[in-house]
Structure formats: structure tokens, C-alpha cells
Amino acid sequence: MMARKNPTTGRVTAPRPLSQSEREFRALLDAAVDAIIVIDHSGTIEEFNFSAQRMFGYTAEEIVGRNVRDLMPEPYHSEHDGYLQRYRSTGEPRIIGIGREVQAVRKGGSPFPCDLAVGQLRSGTSPRFVGFIRDITRRKEAEEQLRRSEAELRLAQELANLGNYVMHPQGGVPDYFSSQLHRILGVPEGAGQRVSRPDFLSRWVHPADRERVAAAFERMDQGLTPLDIEYRVVLSDGTLKHLHHIAQAVHDADGRLLKHVGTIHDVTDRRHAQDEARQLQDRLTHFARLSTMGEMAAGLAHEINQPLSAIATYAQACQRFLRLPEPEIDEVMAALDQINAQALRAGEVIRRLRNFVKNREVKREPVDCGRMLEDLRTLAETDARLHSVRLRIEAEDDLPTVYADPIQLQQVVLNLVRNAIDAMIEAPEERREVVLQTRRSADGEVEITVADRGSGLAPEATEHLFNPFFTTKAGGTGLGLAISRSIVRAHGGRLWHTPNDECGARFHFTLPVSPAVTGE
Amino acid sequence: MIKEVKPTVFVVDDDAAVRDSLRMLLKSVGLPVEVFESAQEFLDADRDDRPGCLVLDIRMPGMSGLELQVKLNERHSILPIIFITGHGDVPMAVEAMQAGAVDFIQKPFRDQDLLDRINQALDKDAGSRRMLAERNMIRKRLESLTPREREVLDLVVAGKANKVIAGDLNLSQRTVEIHRARVMEKMEAHSLAHLVRMVLEVERPEE
């Protein structure tokens, strides 16, 4: 039984008996899931069903007779009387028959979102209004949750510079294309702006990479391999980007292709960083080569001086032979042959030297180790001779080809030979020999060993041997071994050292025979 | 007497072209030449007491030119050495000169410069050898003297008169005169001054 307030006095009056139809009406209201509130033309609450009581936390006794604006937060609380006033004077509905999402206030003041539909009851002289209210807090929370996780995904994609898409095979136009993917590919967001695969291949993918990418798509479509490929794209404004594209085909239980799902990662920055790091490494490597050459300058001058000196002497001998009463033509011819050979020899020294110190792009190619050592021999022997050290080269025949940068390999060998020579400056004459050995190791790699018979490595030195800027030499940069090791590693090999049999040290490095695939 | 051997130019250089060009140059001026590709090969060939001179590369793998010079000095070889040096080898050349090298020449060189140095070295070698031969001859003559004659010689060289020598040795003046004449004859001395010079030549360095 509900208590009722007198609409005019505002005082609670004793309940009057209800008619049959009123009882049925009340039962109907109370059975409704939505909150139902009936107000009169001035906003005074007349009916407040069970659902409304549960929703707002008021009992009917507490709320019936009060103005409905008490259920509203500001500014509606203050303005509601005005709304009713305007409707009464203009007859123009703002909410009636429309419904909207509004905020309501529970007993105690906590607001909550709700859907409100308002109808007008036309009985008697002045209009009354009925409101249907549905608490949408949970729906709003779910919406908020969804919105937040979408925002988070978007942020994550933005931060990672990663976009994703879903594409059904028909038509080749993706069904889903994340915003970050739009941004990566420089496509404005919106319908009709999705990129089809043929379009993508012909208008985005860098011409040099197109064939490779198309082949990878093809393999994925055939279900052979998932797509995992790096390639370049050129945006419509000319920007070049490096993308890492991973995708796979999803099939249904019958093996029919359902869709492709994929992510595209913009790795341009990473690539640039890698490029920069590599350029730095290259510059450092080049610098180390130059400083090696600097250390060897005296020996190299000697090496060029030798053939020049021989040429001069041969020429002078020729003049003398020709001035003899009976010129010795055979001797002159032999000397001229030698002059020719020695001039070529001097040129060859200079060519090798230039090749060695040239600042050039690192290039991997099949390298015959025997030939590489032959090219190196002059430079190494020059240095050995300068320090009265013998250089013995023991190369196994028929060594397999390695895939490497020949100049960088020479740099490593030369660096090890230089160290070996330096280690023997104080050694007695009979021990001053460097042995440079190439052989096929037990596991099929090419192993190059440089052995000296110097004083060996001090235990405290071995610890820091490969650290950059660690050196035991007065004029050393401390880069030689550090760079040698990084070169060998970049070629997929190892560099290490062992003590030599009686005295001195051996430095070894290996090179894999099959094409080495390492990030460099 | 030492039998006459034609002086030879010995060339030691590890560089085949330099070695061969030197051989050809020396041949073109008619000098006998022998070439060696390492210091050890030269030592093994035992040429260091032959007349001639050594043209030696200062830088070689294994035993360097300087190390060969030390070994030759240990063997009391008198073979004059001309070092061939490259650029920037001045400190080594100085060391070589201090160890008794006659000269050094920088590569590349003018042939005449090298030939002049070689001729000087050969002259020096010939001189040294003449001097050595002379000393040997004097020593042989000294060895042919009897102990008494040697005693008389020493006193003569010390500047003593026959009378004083006779007193010192308890001999008659006549006997001293006979010994003295025998000494002059055996030593093939033209004069007293010549005799003194010969004795000083062989004995001074040893004292």
C-alpha cells in the first residue's frame, strides 16, 4: 500500500481505497522491469513503481509528492520546471516520444546513466507525463571498457608502429584495416580507402622488391608458408619505408581459405639505426685498417723501393752492356724483361695497398682463401722483413670457398700477423718466425691460424685482449683484436687463442663454408 | 806467400730482383760476383776470408745484415762491408758504421756511386790483405831466428849498442856483430830502421 501526498498541500494523506482498474494498473507498473514514474503537469511525482524504488533507492512514501527534478543532477535539476513551462506554453515536444540517454541521481546523490522515454497521459484537464527509465550503468561500463581497450590497442599500435588487418579472399580488399596501418601506409581513414592487394603491390611496394613480395604472397595463398618478409614501400608523397610484414592464411575445418590475418610493422627507424650502426662499424674498421697501414708504412715504403731499386740497377747495367765494344744483347734482353716485371711488381704492391685502405662498401662474395692469402703475402712479408722475422705460409690445397668480404678477411689476418711480429721483436733470431696456416677444420670450416714464438700472453692480458682500446703496445690503438673479432663474428665464425707448443701464442679463426647468414 | 785470388764482390740480399740486378751490374763492369739470398747461406759458404767485399742488405728476414756483421766480426773477418739501406734506416746505418762497415748506400742508388764504393772497398781489402801478408812474412822470418839471434834482435830494437849488448849477454863484441849480421840477413832488412819498423809492425798490436 502506498502512502500518498496531497499534491496541493504536499502533506501525506491517508490512502484511499483503490478501484479495481487502479489495482490492476498498479500491479502492471510494479511488474515492469523498467522504472516507471508518473508526474503531473508541474512535475510532482504521482506514481513511482517498484523498479523505480529499487533503482533510485527511495520508497514510494519518501518520493511521491516531491518534484521529479529531485531525481536529476544539475543543470537539469534547476531547469526542469522551465522545460515543463515551455512545453505547456508552446506544445512543442523536446523529449516526449523521442527518448534519450540522460543522467539521474539516486537517493544519497550518486548519479547514474539511464535511457529515458517520456510519454504524455491525456486524462483530465491538465496533462500528466509518464517516464520509462532503464539503468544503463553496466552497458555504459562495457562500452567504456571496449572504448578503452580500443584506445589502448590504438596506442600500442601507434607506439609499436604496427598495424594489422583482416582480409577475406574475395575481392582482395581487407575487411579490417587498423588506424595505425592507415598511418603507416599514408592512407586517410574512411570507407573506400582500404588498399587492395594488387593495388598495394603496384602502388606501394618498391619496384625492386615487388617480385619477391608477390612470390611470398603466392606461397602463403597456397598454404605453403606463412608470410614473414621485410620489404620497402614508397608512399604517395615519396617517403621510403621499411616494413616487416607477417601474415597467415586461416582455413576452416574443410580446408577452405577463410581469411588472411596480418600485421605490418614499420621498421624504418630500426633499419636506419642498423644502417647507422653498420656505417659506424665500417668507419671504425676502415680506421683500424688505416692505422695498421700507418704502423706498416716504413715496411711498405721499402716494399715499393725494392722493385724501383732493381729497375734502376737493371737499367744502368743495360747501358753498360750496350756501351761495351761488343754489346751483350742477351744480357740486355734479360734485364729488360726484369725491368718490365719489377715495374709490374711495384704497381701490384700499390694496387693491393690501395685496395686495402680504400674506404669502400662491405661486400660479401665467394672468396678463395688461398688467393686471399696470396694477395696478403706481400703486405705481410714486408712487415715481417722490416722486423727480421720469417713468415711461413702453410696453406692446405683445395680449401673450400667461403662467403666473405675479402678485404675484411685480409684485415683480420694482417692484424694477427702484425701482432705476432710485434710479439717477437725481443725474441732471439732463431725463434723469429710467424707461421700462417690455413686448413679445413674437423667440422668442415676453414680455419686460419697465426702462430708466433714470442713471449706468449700474460694471464692478465688475456682477460682484456678483445676489449676495445686495450693494448700492450706503445703506439697501439687497441682496436685491432676487437675489430678482428667483430669481423669474424659478422662472418659467422669464431676467433680465439691458445698457447703455442713451446712458447708464444696461436690465434685461430674459423669461417663457415656455406653462405653465412648473420645480421650485419 | 799468399797465392793471388781475384777479388770477388759478394752480394747478400733476400730480394731476388735486387740481387739479380746487382749481379748483372757488376758483371757488366767485369767484376767477379757471387750472390747469396740469406745471411746464413753466406756464412755456410765460408767466403769471409776470401779477398773482395760484401754488399749486404741491412733488412732481411731471419738473420739481418747487422746480425751477420756481428757474426763476421766474431770470426775476425776483414771483409769490408757496404750496407744497402732503404729510406729511414739511418739509425741502423750508424750502428753498422760503428761496428766497422766501410760504407752504406741508400736504395735506389746511382750505379757509379755503388761501383765507386765497391772499388774503394776492394782497395781497402787489398791493402789490409797486403798488410796481413807482410805481417805473416815478418812473423815467419822472426820464427827462423835462433834463440840467441832473437835475444840480440830484441836488444838491437831496444836501441842498445853492440858493446852494451855484448856486456848484457856475456858475449864478445865480435860474436854480437856476427849474430846481428845473421839477423839482418834473415829478416831481409835493408837498414836498422827497416828492421825496427818490421819488428814493431808485428809486435806492437799484440802488446
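The values are calculated or read from the model by the stated rules, or taken from the named source; none is laboratory data. These figures come from a predicted structure and were not determined experimentally. Glycine gets a Cβ as well: all are built from the backbone with ideal geometry, and neighbour counts include every protein chain shown. Just so you know, the surface numbers come from the protein's heavy atoms only, side chains and all, with ligands and any DNA or RNA stripped out. Shrake-Rupley method; radii C 1.70, N 1.55, O 1.52, S 1.80 Å.
Applying the Karplus relation 6.51 cos²θ - 1.76 cosθ + 1.60 with θ = phi - 60° to region B:148-155 yields 3J(HN,Hα) values of 5, 4, 5, 4, 4, 4, 4, 6 Hz, where x marks Gly and Pro. How many angstrom separate the Cα center of region A:385-440 from the Cα center of region B:47-114? Between the Cα centre of region A:385-440 and that of region B:47-114, the gap is 29 Å. If you run the Gaussian network model on chain B, springs between alpha carbon atoms under 10 Å, then out of B:80, B:147, B:32 the most flexible one is B:147. Taking every alpha-carbon pair under 8 Å whose residues sit at least 6 apart, chain A reaches a relative contact order of 7 percent. When each of the peptides A:290-299, B:51-60 is scored by how many other beta carbons lie within 10 Å of its residues on average, the order from highest to lowest is B:51-60, A:290-299. Peptide B:97-109 is shielded by partner chain Cβ atoms: per residue, an average of 2 of them sit within 10 Å of its Cβ.
Assuming a ≥ b ≥ c are the square roots of the Cα gyration tensor eigenvalues, decide whether region A:63-156 counts as rounded (a/c under 1.5), prolate (otherwise, with a/b larger than b/c) or oblate.
Working: a/c = 2.67, a/b = 2.12, b/c = 1.26.
Taking the square roots of the gyration eigenvalues as a ≥ b ≥ c, region A:63-156 is prolate.
As an exercise, identify the GluC sites (Glu not before Pro) in region A:400-482 lying in DSSP coil whose Cβ has no more than 11 other Cβ atoms within 10 Å. Loop-located and lightly packed - A:426. For the segment B:23-31, counting C-beta atoms of other chains within 10 Å of every residue's C-beta and taking the mean gives 6.
Overall, the protein assembly as shown carries a charge dipole of about 2300 debye about its Cα centre when +1 sits on the Cβ of Lys and Arg and -1 on the Cβ of Asp and Glu, all other atoms neutral. Checking the Cα-Cα distances for B:160/B:186; B:6/B:140; B:6/B:186; A:473/B:107 against a 28 Å cut-off, the pairs over it are B:6/B:186; A:473/B:107.
Computed per residue of the protein assembly as shown from DSSP H runs no shorter than four, each worth -39500 (n - 2.57), the mean residue ellipticity at 222 nm is -15000 deg cm²/dmol. Accessible surface of chain A, 1.4 Å probe: 53 percent of it comes from carbon and sulfur atoms.
Backbone phi angles across region A:392-397, fed through the Karplus curve with coefficients 6.51, -1.76 and 1.60 (θ = phi - 60°), yield HN-Hα couplings of 10, 10, 10, 9, 5, 6 Hz in residue order; Gly and Pro are listed as x. Projecting the Cα atoms of B:184, B:155, B:173 onto the charge dipole of chain B, computed from C-beta unit charges around the Cα centre, puts B:173 farthest toward the positive end.
For region B:115-204, the relative contact order comes to 31 percent (Cα pairs under 8 Å, sequence separation of at least 6). When only the Cβ of Lys, Arg, Asp and Glu is charged (+1, +1, -1, -1), the dipole of region B:1-135 relative to its Cα centre reaches about 460 debye.
Classify region A:161-274 as rounded, prolate or oblate from the Cα gyration tensor: take a ≥ b ≥ c as the square roots of its eigenvalues, call it rounded if a/c is under 1.5, otherwise prolate when a/b beats b/c and oblate if not. Judged from the Cα gyration tensor, region A:161-274 comes out prolate (a/c at least 1.5, a/b above b/c). Find which of A:329, A:121, A:319 sits farthest along the positive direction of the dipole of chain A, computed with +1 on the beta-carbon of Lys and Arg, -1 on that of Asp and Glu, about the Cα centre. Final value for the positive-end residue is A:121. Here's the picture: charge each Lys and Arg Cβ at +1 and each Asp and Glu Cβ at -1 in the protein assembly as shown, and of A:284, A:442, B:96 the one pushed furthest to the positive end of that dipole is A:284.
Taking Cα atoms, how many degrees apart are the long axis of helix A:329-357 and the longest axis of chain A, rounded to 10 and kept between 0 and 90? It works out to around 20 degrees.
Ligands, DNA and RNA aside, residue A:165 has an accessible area near 20 Å² when probed at 1.4 Å. Take every Cα pair under 8 Å whose residues are at least 6 apart in sequence, average their separation, divide by the length of region A:37-119, and the relative contact order is 24 percent. Relative to the Cα centre, the charge distribution of region A:266-402, modelled as +1 at Lys and Arg Cβ and -1 at Asp and Glu Cβ, gives a dipole magnitude of about 560 debye. Across chain A, where is the longest run that never hits trypsin sites (Lys or Arg not before Pro) in a DSSP loop with at most 12 other C-beta atoms within 10 Å? With a cap of 12 other Cβ atoms within 10 Å, the longest stretch comes to A:364-520. Distance between the C-alpha centres of region A:245-319 and region B:124-178: 85 Å, rounded to the whole angstrom.
For residue A:513, nonlocal amide neighbours, meaning residues 5 or more places apart or on other chains whose placed amide H falls under 5 Å from its own, are A:446. Computed from Cα atoms, the angle from the helix A:480-490 axis to the main principal axis of chain A rounds to 60 degrees.
How shielded is A:295-304 by partner chains, expressed as the average number of their Cβ atoms within 10 Å of its Cβ atoms? Before the final figure, lay out the partial values.
Working: counts 0, 0, 1, 5, 2, 0, 3, 8, 2, 1.
Going residue by residue through A:295-304 and averaging, the value is 2.
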